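The values are calculated or read from the model by the stated rules, or taken from the named source; none is laboratory data. All figures in this text were calculated on a predicted structure; none of them were measured in a lab. All Cβ positions, even for glycine, are placed from backbone atoms using ideal geometry, and neighbour counts span all protein chains on display.
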């Protein structure tokens with residue numbers, strides 16, 4: 001799949017350089033061991049809901065799995081807007097915030113690719129059945145069957161993590177706070 005290119009790349013501090021998108025993409029493609037992602041969704045009453053989850057960056061998108069009866073699953077069914085965050089301890093640290101709309105994946109080839117990636121990267125054996133995946137129970141995903149969601153971010157923020165701020169913004173090796181914007185993802189049919 002062709003690499004997504006940013007529409008805009010903007011520093012979040014005056015007179016600072018931007019951190020190249022490739023730095024953020026590298027962190028998404030090769031996460032630190034044991035990384036936890038956090039998903040924020042919108043409740044039916046408009047309130048926020050935040051929960052940890054396991055996820056993967058695959059083919060220029062972030063994929064995650066959740067039970068359809070979980071609060072996050074119900075929230076996404078009603079309103080696909082969400083935010084996914086991840087902190088970093090690898091120096092220079094770069095915390096990431098991905099904003100966009102999560103779309104349920106129904107394409108069998110894409111579901112199979114995600115299931116295989118979860119198996120090879122996390123050791124979580126999943127099997128595709130119809131338009132869901134099934135496998136051992138995961139505390140962050142609820143009980144199976146699991147819906148697979150794809151987030152093609154429209155905006156990503158990269159911030160120097162706590163583990164990197166003592167170096168100072170713009171210091172040799174430090175990463176600068178940056179906002180990357182992308183074209184809106186095409187809606188799935």
Looking at the range 156-179, is at least one residue under 21 Å from residue 79 (Cβ atoms), modelled with pLDDT under 95, under 15 Å from the mean Cα position of the chain (by Cα) and not in a helix (DSSP H, G or I)? no
Which of the residues belonging to the range 100-112 are touching a strand residue (DSSP E or B) at 6+ places or on another chain (Cβ under 8 Å) and surrounded by fewer than 18 Cβ atoms within 10 Å (Cβ to Cβ)? 104, 108, 112
Those residues of the range 45-69 which are at pLDDT 95 or above and in a loop (DSSP other than H, G, I, E, B) amount to 45, 46, 47
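Does residue 19 qualify as being surrounded by 14 or more Cβ atoms within 10 Å (Cβ to Cβ) and assigned to a loop (DSSP other than H, G, I, E, B)? Can you show your working first?
Values: surrounded by 14 or more Cβ atoms within 10 Å (Cβ to Cβ): yes; assigned to a loop (DSSP other than H, G, I, E, B): yes.
Answer is yes for this residue.
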Just one listed residue, out of 36, 66, is within 25 Å of residue 79 (Cα to Cα), surrounded by 11 or more Cβ atoms within 10 Å (Cβ to Cβ) and in contact with a helix residue (DSSP H, G or I) (Cβ under 6 Å, 6 or more places away or on another chain), and it is 66
Going through the range 13-33 in order, the residues found to be in contact with a strand residue (DSSP E or B) (Cβ under 7 Å, 6 or more places away or on another chain) and modelled with pLDDT under 90 are 17
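Mind listing whichever residues of the range 1-15 are part of a loop (DSSP other than H, G, I, E, B) and surrounded by fewer than 16 Cβ atoms within 10 Å (Cβ to Cβ)? Show your work before the answer.
At the first step, the residues of the range 1-15 found to be part of a loop (DSSP other than H, G, I, E, B) are 1-7, 12-15.
Those that are part of a loop (DSSP other than H, G, I, E, B) and surrounded by fewer than 16 Cβ atoms within 10 Å (Cβ to Cβ): 1, 2, 3, 5, 7, 12, 13, 14, 15.
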Could you figure out which of (1) buried (at least 19 other Cβ atoms within 10 Å of the Cβ); (2) modelled with pLDDT under 95 isn't true of residue 73? (2)
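Under the condition of being without any contact (Cβ under 8 Å) to a residue 60 or more places away in the chain and not in a helix (DSSP H, G or I), which residue from the range 76-85 is surrounded by the most Cβ atoms within 10 Å (Cβ to Cβ)?
Step one: of the range 76-85, the residues without any contact (Cβ under 8 Å) to a residue 60 or more places away in the chain are 77-81, 83, 85.
From the residues that got through so far, the ones that are not in a helix (DSSP H, G or I) too are 79-81, 83, 85.
On the way: 79: 15, 80: 17, 81: 13, 83: 20, 85: 17.
Going through the qualifying residues, I end up with 83.
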Among the residues of the range 86-132, write down those that are assigned to a loop (DSSP other than H, G, I, E, B), modelled with pLDDT of 95 or more and within 18 Å of the chain's Cα centre (by Cα). 105
